[in-house]
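The values are calculated or read from the model by the stated rules, or taken from the named source; none is laboratory data. Everything numeric here is computed off the predicted structure, so don't read it as measured data. Using ideal geometry, Cβ is built from the backbone for each residue, glycine included, and neighbour counts are taken over all protein chains shown.
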Amino acid sequence: MTAGSAGTSMTGAEPAGALFVAGRGTAVTDGLHYFAPSVDGWTGTQLATVDELAALCWHPTLPIIYGLSGLGRGLMHAWHVEAVPSGPALSLAKQDCLGEIPCDLAVDPSGRLLVAANFGSGTLTVWSLDERGVPGSDGEIVRLEGPSLAELPQQAGPHPHQIVFDQALLYVPDYGADLLRRFAVEPELGAAAALQEIDGLPVPAGTAPRHMVLWRTTSAATRLALSGELASSFLVGPRDGSAWGVASSTRRTGAARTRHPRNYPGDLKLSIDGRHVYFANRGYDTIAVFALEDDQPRLLTEVEALAAWPQHLLVQDHFLLVAGWDSSTVVALPLTNGLPGEPHVLFECPGAAWLLPSR
């Protein structure tokens, strides 16, 4: 089955929306893919060839997809995409990230700033975007300062891992410094000057925060949830980080099955109704589901992902979608009352590593 082939036939109980997928397969099949459902299954097209395409995001108002690539020195890409692509994506920009191992990026709500997290070099890269959504100039670096947690080699210095905008705030989980960094965002100042670090919310030592979600409760309070990669943990707390409820991310014990002998938690996503968080356990290759009604998170269930190394999650059309990097598959788990049912493979995409819904 090729990168552009269907995976399973449509049953009438499938996600309805098309998907853009970042592939990290081979030098030929790496890149930006588009998959759409039809009565005969899912049909895919490769829109751009990019080595080690790792992350994708939309411009908030324009038909532009931004991506990051590279396991060493990174690159930022920008493409104009049609609503239903009929050919290769139009490249608008390809620039040096000025950092190593780029892993996440996002555009601020005003559409004027693009920010990338460079995990390897411990930096952020910021681009000012013009009215067309194109970088007006080269990116500028924001260097992160913080403790070197020498007792854990993986935490020797800052390692930002995600970019999350919340109105005039930017949150950055810092895997290396055991901090959730917060920045004030003023897009009118342009590029790096637009980000001013406010503080860093500490998490328990050895957590290595990787991904986060935030939501507003019925009382309008903002809550935070984090995945802890090194501690195999799930954390929930208030917006100021004053107290964390901590739970194990998995009920599994013993050796993991993919890549490493231990589990490496990764992505997490909020349910549509804000009552649950879906948590990817890479290594054990499971999806844990946590309830959010209490200060102490509660693991409700843990199910097979049917995807090896579940790298990225997406909630769409009452399904939880999983990108399996090592299995080169995209898997769907139907959701009933927020809980996942039996998983099935939607389609194959070499090195599937990131899912972006179409518009």
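W215 meets the stated requirement of being in contact with a Leu (Cβ under 8 Å, 6 or more places away or on another chain), among the hydrophobic types (A, V, I, L, M, F, W, C), touching a residue at least 12 places away in the same chain (Cβ under 8 Å) and surrounded by fewer than 18 Cβ atoms within 10 Å (Cβ to Cβ).
Residues in the range 101-121 that are among the hydroxyl-bearing types (S, T, Y), surrounded by fewer than 22 Cβ atoms within 10 Å (Cβ to Cβ) and free of Cβ contacts under 8 Å to residues at least 60 places away in the same chain: there are none.
Selection over the range 134-143 of residues that are assigned to a loop (DSSP other than H, G, I, E, B) and modelled with pLDDT of 95 or more gives a count of 2. Taken together, the criteria place D199 among residues that are without any contact (Cβ under 8 Å) to a residue 60 or more places away in the chain and within 22 Å of G146 (Cα to Cα).
Restricting attention to the range 57-79, and to residues there that are in a loop (DSSP other than H, G, I, E, B) and hydrophobic (A, V, I, L, M, F, W, C), which single residue is farthest from V107 (Cα to Cα)?
The extreme case among them is L71.
Annotation note: of L189, L170, the sole residue that is within 23 Å of R223 (Cα to Cα) and either out of contact with any Leu (no Cβ under 8 Å at 6 or more places or on another chain) or buried (at least 20 other Cβ atoms within 10 Å of the Cβ) (or both) is L170. So, of the residues in the range 74-87 that are of a type outside the set (A, V, I, L, M) and touching a Ser or Thr at 6+ places or on another chain (Cβ under 9 Å), which turns out to be surrounded by the most Cβ atoms within 10 Å (Cβ to Cβ)? Among them, the one singled out is G74.
Of the strands (runs of 3 or more DSSP E) lying entirely inside the range 274-323, those carrying at least 1 residues that are more than 18 Å from the chain's Cα centre (by Cα) are 286-291, 298-304. Here the range 202-252 is the region considered, the condition is being among the aromatic types (F, W, Y) and in a strand (DSSP E or B), and the residue that is modelled with the highest pLDDT is F234.
Can you tell me which residue within the range 68-100, out of those that are out of contact with any Asp or Glu (no Cβ under 7 Å at 6 or more places or on another chain) and either in contact (Cβ under 8 Å) with a residue 60 or more places away in the chain or among the charged types (D, E, K, R) (or both), is nearest to S121 (Cα to Cα)? So, considering only residues that are out of contact with any Asp or Glu (no Cβ under 7 Å at 6 or more places or on another chain) and either in contact (Cβ under 8 Å) with a residue 60 or more places away in the chain or among the charged types (D, E, K, R) (or both), the one nearest to S121 (Cα to Cα) is E100.
Scanning the range 38-64 for residues that are in contact with a Leu (Cβ under 6 Å, 6 or more places away or on another chain) and either under 17 Å from W127 (Cα atoms) or exposed (fewer than 14 other Cβ atoms within 10 Å of the Cβ) (or both) yields A55, L56, C57.
Taking strands (runs of 3 or more DSSP E) as the structural unit, those lying wholly within the range 80-133 and holding at least 3 residues that are within 21 Å of the chain's Cα centre (by Cα) and among the hydrophobic types (A, V, I, L, M, F, W, C) correspond to 102-107, 113-118, 123-128.
The residues of the range 150-165 that are assigned to a strand (DSSP E or B) and either buried (at least 23 other Cβ atoms within 10 Å of the Cβ) or in contact with a Lys or Arg (Cβ under 9 Å, 6 or more places away or on another chain) (or both) amount to a single one, P160.
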